[in-house]
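Just so it is clear, none of the values below were taken in a lab; they were calculated from the coordinates. The shown structure was predicted, so the numbers you read here are calculated from the model rather than taken from an experiment. Counting neighbours? That spans all protein chains shown, and the Cβs are built from the backbone with ideal geometry, glycine included.
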Amino acid sequence: MSDTDLRDHLAVERTHLANERTLLSYIRTALSLLIGGGVVLQFLPENPLLSIVAWVAIIGGVLIAAIGFYRFVKVRSEIPKVQS
């Protein structure tokens with residue numbers, strides 16, 4: 001394997017890893033919103049304004065997870081396959 005081939009191979013590997021890190025960031029953000037909304041609904045259900053904010057956070061968390069997964073699959077399909 002020449003230096004250029006090795007460099008290209010490693011660049012593709014770094015791109016795959018960056019794509020996975022981005023997906024994990026989306027998941028972390030989505031879970032934070034889901035958990036935050038659930039906690040507010042569990043412990044402060046009598047406040048209607050907070051309940052609305054909690055439901056918005058929960059819906060936002062679901063949307064962010066879906067966007068992150070969609071983006072991950074889209075970018076993964078655009079990255080060339082690594083040949084060992």
Efficiency of FRET from Cβ geometry, SER25 and VAL56, R₀ 25 Å, rounded to 0.05: 0.75
Relative contact order %, segment 35-84, counting alpha carbon pairs below 8 Å whose residues are six or more apart: 30 percent
Helix 3-43 axis, angle to the chain major axis (alpha carbon atoms, nearest 10°): 10 degrees
From the coordinates shown, P(r) over Cα pairs in 5 Å bins from 0, in percent corresponds to which of (i) 3, 14, 20, 22, 19, 16, 6, 1; (ii) 3, 15, 29, 26, 19, 7, 1; (iii) 3, 15, 17, 14, 11, 9, 9, 7, 6, 4, 3, 2, 1, 0: (iii)
